[in-house]
Amino acid sequence: MRLHHRLATILVAAASLLTLPARAAEGFAPDVPGAADHPLIKRFNGSWLAGQRVSDWDAAAVPAAPEFQKADKYKFKDLIELEGKITRLLYVAPRGKSALEVWRNYEQALNAAGFKKRFACERDCSDLYFAWSRQLDPTKGFTWAKGDLDTPTGSRYSLTSALSFDQGRMLVGTLGKPGQEATVLLYTSLAANATTGLVATYLQVVEPKAMATGQVTVDPAALQAGLAAEGRVTLTGLFFDTGKTELKPESKAQLDAMAELLKSQPALKAWIVGHTDNVGPFDANEKLSLARAQAVVAALTAAPYKVDGKRLTARGLASLAPLAGNGDDAGRARNRRVELVAQ
């Protein structure tokens, strides 16, 4: 979806340093082929766009606060789960610029555009960096430019090591109108280490965007085949907003198929079972998974389907029965589901 055009104008005007680079003078190789700055946030002047990953629609997580789990200081206590268009960019600033100078320029430009800060870390952020890099793997799936991080003495470091804990700073917040905010994560650090004389900047922008629907045909026969083979089937056509329990309108095709299956199998009784990932407190996830299952039962027993309520029972298992690991976005997305289980 489109974010307010005025934001982009302010961001460009607010900091003249955040403009397109003249890389040749700095000795950088060309940018990642086909890569470009995000329309909302231009790069620090002279920077090299060294890595990029853009997902037209996917899931992402950002730390909700710089707080960690008691049992593991390298896992965040709370994450914000997001879906939409995700742009991830990694820049390398020209040699001679300090990490603080790069940080302040991005910070000032964002603030001038009406940025709403959720949290910032400017000192002693090494634990934050290690939790972020280990739990969320920020550069996973990146396409990288050709070249390396060169030092004045001739040593070289891979671009994949550009982000570091050294002088690391993180900022998380939102840009845009209520209900249309883009979530921004900014991280700057020395690139690899102090010997490079370079600064790395990581920028992640998650823009709210409706998922394209109608791409999967829900077949009642396929539901029956799944029940016959495994006694359960994942209902991939049910959609909820993050953290919400109301079924979205695009769930209708899946509900139609379920109702048709139940009509064709009058003796079938089923559990409707909600599942979540392991992000957040277990008790909250248990309530969420149950409430989503109950929403499905409520939809099927109401008009126009009017399935006998005695045939359906809702249960919520939170994160107790994962299909995949919860260590990355893809695994967590698989684990957030509702299943139809034959009684």
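The values are calculated or read from the model by the stated rules, or taken from the named source; none is laboratory data. Only a predicted model underlies this, so the values are computations on that prediction, with no experimental measurement involved. Neighbour counts are summed over all protein chains in view; Cβ atoms, including those assigned to glycine, are modelled from backbone coordinates with ideal geometry. Ligands, DNA and RNA are excluded from the accessible area calculation, which covers all protein heavy atoms including side chains. Shrake-Rupley method; radii C 1.70, N 1.55, O 1.52, S 1.80 Å.
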Search result, residues across the stretch 147-174 that are of a type outside the set (Gly, Ala, Ser), within 20 Å of Arg134 (Cα to Cα) and either open to solvent by less than 40 Å² (accessible area, probe 1.4 Å) or assigned to a loop (DSSP other than H, G, I, E, B) (or both)
Leu159, Leu163, Phe165, Asp166, Gln167, Arg169, Met170, Leu171, Val172
Matching entry among Asp219, Asp308 (being modelled with pLDDT of 95 or more, out of contact with any Gly (no Cβ under 8 Å at 6 or more places or on another chain) and of a type in the set (D, E, K, R))
Asp308
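Which members of the stretch 55-76 meet the condition of being open to solvent by less than 70 Å² (accessible area, probe 1.4 Å) and within 20 Å of Val184 (Cβ to Cβ)? Give the steps one after another, and end with the answer.
As a first pass, look at the stretch 55-76 and keep what is open to solvent by less than 70 Å² (accessible area, probe 1.4 Å): 55, 58-66, 68, 72, 74, 76.
Answer for the stretch 55-76, where residues must be open to solvent by less than 70 Å² (accessible area, probe 1.4 Å) and within 20 Å of Val184 (Cβ to Cβ): Ser55, Asp58, Ala59, Ala60, Ala61, Val62, Pro63, Ala64, Ala65, Pro66, Phe76.
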Looking at the stretch 77-133, which of its residues are among the hydrophobic types (A, V, I, L, M, F, W, C), surrounded by fewer than 19 Cβ atoms within 10 Å (Cβ to Cβ) and part of a helix (DSSP H, G or I)?
Leu100, Ala112, Phe130
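Among the hydrophobic types (A, V, I, L, M, F, W, C), in a helix (DSSP H, G or I) and open to solvent by 50 Å² or more (accessible area, probe 1.4 Å): does that describe Leu300? Steps first, please.
Working: among the hydrophobic types (A, V, I, L, M, F, W, C): yes; in a helix (DSSP H, G or I): yes; open to solvent by 50 Å² or more (accessible area, probe 1.4 Å): no.
Judged against the criteria, Leu300 is not a match.
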Going residue by residue through the stretch 323-330, is there one that turns out to be in contact with a Gly (Cβ under 6 Å, 6 or more places away or on another chain), open to solvent by 40 Å² or more (accessible area, probe 1.4 Å), at pLDDT below 95 and assigned to a loop (DSSP other than H, G, I, E, B)?
yes
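For the stretch 235-274, which positions are polar (S, T, N, Q), open to solvent by 10 Å² or more (accessible area, probe 1.4 Å) and farther than 11 Å from Pro220 by Cβ? Let's see the steps before the verdict.
Keep residues of the stretch 235-274 that are polar (S, T, N, Q), which gives 236, 242, 245, 251, 254, 264-265.
Within this subset, residues satisfying the condition of being open to solvent by 10 Å² or more (accessible area, probe 1.4 Å) are 236, 242, 245, 264-265.
If the condition is that a residue be polar (S, T, N, Q), open to solvent by 10 Å² or more (accessible area, probe 1.4 Å) and farther than 11 Å from Pro220 by Cβ, then Thr236, Thr242, Thr245 are the ones that fit.
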